[in-house]
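**Q** Please find one structure pasted underneath; my questions will follow.
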Amino acid sequence: MDVFNFNPSDFFSFLLTFLRISLVVFMFPLFGADNLPQMLKGAICMALTFALLPYLSFPGHLMPAANWQIALMVIGELVLGFIIGMVIRFTFAGIQAGGELLAMQMGFSMATIADPATGNQQTVLGHLLYTVAMLSFLALSGHLFLLKSLADTFELIPPGGLLLTPFLTSEVLSLSSTIFTLALKIAAPVVAVLFFIELALALVAKAAPQMNLLIIGFPLKIGVGLFFMGIIFMLISQHMRTFILDMIPMITNLLRSASPQ
């Protein structure tokens, strides 16, 4: 854009592109973390806008003229970013819920820390599995697939053109069920082993009541649980690989169901 030959259409095109990128990127689980400085987030969005503007941009004539139309457009962009970010966060929430279940079974439910990304209290194992999932996501270039899904929004959803269709609502609700199923899949191997340990300790307590099983049981459950955590790490990496490969078709399907075209 030539500064000395100012074109309002180019300026509005830049604003619409920056609005889409900033509102959608801030909802992503990686780029929109609360522990990232706001200046860094703004710099990332500005850099992405200048990088994508020659290739992916909205025409300037799509900028609404009335104030209420601009407000509705901003709300629509927020809802779009919220839907995409929420669908992606379902997987990480399921893995974290599996860690919470493991912490309860292994006796770590009282060991909580403050998550710097969300500001909430969570158990040590839940935070550990969430960190492993995020590192696996980055190692498998999942952040690049997130940017690809951002580029798809430019082709399918115009500014403020998101439609909340019944199919979109049902798909989001269906995807939310993955939190519980994934938590059970993650925690099932260790929970099964700990169940047999509890059964063995109960038999020992029946055969030798004089033994202090509280002193033996807690270290045994913690040691066995940590030993089998390697299986969980392998399951997380395999699931993240499958999730990344299916992420683009899943988001594209959602965008097409909400597209006015």
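**Q** Positive end of the dipole of the chain, charges at C-beta (+1 Lys, Arg; -1 Asp, Glu), about the Cα centre: which of GLY142, SER257, THR17 has its Cα farthest in that direction?
**A** In the chain, that residue is GLY142.
**Q** For GLU155 and ILE70, FRET efficiency with R0 = 22 Å and r from the beta-carbon atoms, rounded to 0.05?
**A** 0.45
**Q** Continuing with this model, one more query. R0 = 25 Å: FRET efficiency of VAL224 with LEU30, Cβ-based, nearest 0.05?
**A** Efficiency, rounded to the nearest 0.05: 0.15.
**Q** Please determine, in degrees from 0 to 90 and to the nearest 10, the orientation of helix 166-176 with respect to the longest principal axis defined by the Cα atoms of the chain, where the helix direction is its Cα long axis.
**A** So the helix axis and the longest Cα principal axis differ by about 30 degrees.
**Q** A further question follows. Between LEU135 and MET234, what is the label-point separation in nm under the 7 Å Cα-to-beta-carbon projection?
**A** 1.8 nm
**Q** Turning to a different aspect of this structure: I'd like the distance separating the alpha-carbon centroids of the range 42-81 and the range 241-261, in whole Å.
**A** The distance from the Cα centre of the range 42-81 to that of the range 241-261 comes to 20 Å.
**Q** Still on this structure, please answer the following. So what is the 222 nm mean residue ellipticity for the chain from helices alone, if each DSSP H run of at least 4 adds -39500 (n - 2.57) and you divide by all residues, rounding to the nearest 500 deg cm²/dmol?
**A** After summing the helix terms and dividing by the residues of the chain, the value is -25000 deg cm²/dmol.
**Q** Applying the Karplus parametrisation 6.51 cos²θ - 1.76 cosθ + 1.60 with θ = phi - 60° to the phi angles of the range 85-100, what ³J(HN,Hα) value in whole Hz is obtained for each residue in order, glycine and proline being reported as x?
**A** x, 5, 4, 6, 5, 4, 5, 5, 5, x, 5, 5, 5, x, x, 5
**Q** Stretch THR165-ASP10 to full length: gain in nm at 0.36 nm per residue minus the Cα-Cα span?
**A** Gain on stretching THR165 to ASP10: 52.6 nm.
**Q** Here's something else I'd like to know. Quick one, which of (i) 17.8, 58; (ii) 28.5, 116; (iii) 23.6, 91 is the actual Rg and Dmax of the Cα atoms in Å calculated for this model?
**A** Computed from the coordinates, Rg and Dmax of the Cα atoms in Å corresponds to (iii).
**Q** Order of VAL190, VAL124 from fewest to most other C-beta atoms within 10 Å?
**A** VAL124, VAL190
**Q** Relative to the first principal axis of the alpha-carbon coordinates of the chain, what is the inclination of helix 229-257, with its axis defined by its Cα atoms, in degrees from 0 to 90 and to the nearest 10?
**A** 30 degrees
**Q** Of the residues LEU175, LEU147, LEU214, which exhibits the maximal mean-square fluctuation in a Gaussian network model of the chain defined by a 10 Å Cα contact cut-off?
**A** Ranking LEU175, LEU147, LEU214 by mean-square fluctuation puts LEU214 first.
**Q** Looking at the chain as a GNM with Cα springs under 10 Å, which of PHE92, PHE28, PHE11 has the largest mean-square fluctuation?
**A** Checking each option, the largest mean-square fluctuation is seen for PHE11.
**Q** On a straight-distance basis, which lysines could pair with LYS221 in a cross-link, Cα separation under 27 angstrom, same-chain partners fewer than 8 positions away excluded?
**A** Partners found: LYS185, LYS206.
**Q** Running a GNM on the chain with Cα contacts under 10 Å, which residue among PRO158, PRO54, PRO219 ends up with the highest mean-square fluctuation?
**A** Largest GNM mean-square fluctuation: PRO54.
**Q** So for the pair ILE216, MET86, with labels modelled 7 Å out along Cα→Cβ, what separation do we get in nm?
**A** 5.1 nm
**Q** For the chain, give the magnitude of the charge dipole about the Cα centre (Cβ charges: +1 Lys/Arg, -1 Asp/Glu; no others), in debye to the nearest 20.
**A** With Lys and Arg at +1 and Asp and Glu at -1, about 560 debye.
**Q** Right, next: For the range 120-261, I need the span (max minus min coordinate) of the C-alpha atoms along each principal axis, in Å, sorted largest to smallest.
**A** If we take the Cα atoms of the range 120-261, the spans are 74, 32, 27 Å.
**Q** Which whole-number percent gives the relative contact order of the chain, counting Cα pairs below 8 Å spaced six or more residues apart?
**A** Worked out over the chain, it gives 24 percent.
**Q** Return the sequence-ordered ³J(HN,Hα) values of the range 37-54 in whole Hz as given by the Karplus equation 6.51 cos²θ - 1.76 cosθ + 1.60 applied to θ = phi - 60°, using x for Gly and Pro.
**A** In residue order, the calculated couplings are x, 5, 5, 5, 4, x, 5, 4, 5, 5, 5, 5, 5, 5, 6, 8, 4, x Hz.
**Q** Using a Förster distance of 25 Å, how high is the FRET efficiency between PHE180 and LEU144, based on the Cβ-Cβ distance and rounded to 0.05?
**A** 0.30
**Q** Return the sequence-ordered ³J(HN,Hα) values of the range 213-225 in whole Hz as given by the Karplus equation 6.51 cos²θ - 1.76 cosθ + 1.60 applied to θ = phi - 60°, using x for Gly and Pro.
**A** With the stated coefficients, the range 213-225 comes to 6, 5, 6, 7, x, 5, x, 5, 5, 5, x, 5, x Hz.
Taken together, the values in this text are just the output of simple stated rules run on the coordinates, not laboratory data. Here the structure is a predicted model, which means the values were calculated and not measured. Every residue, glycine as well, gets a Cβ built from its backbone with ideal geometry; the counts of neighbours run over all protein chains shown.
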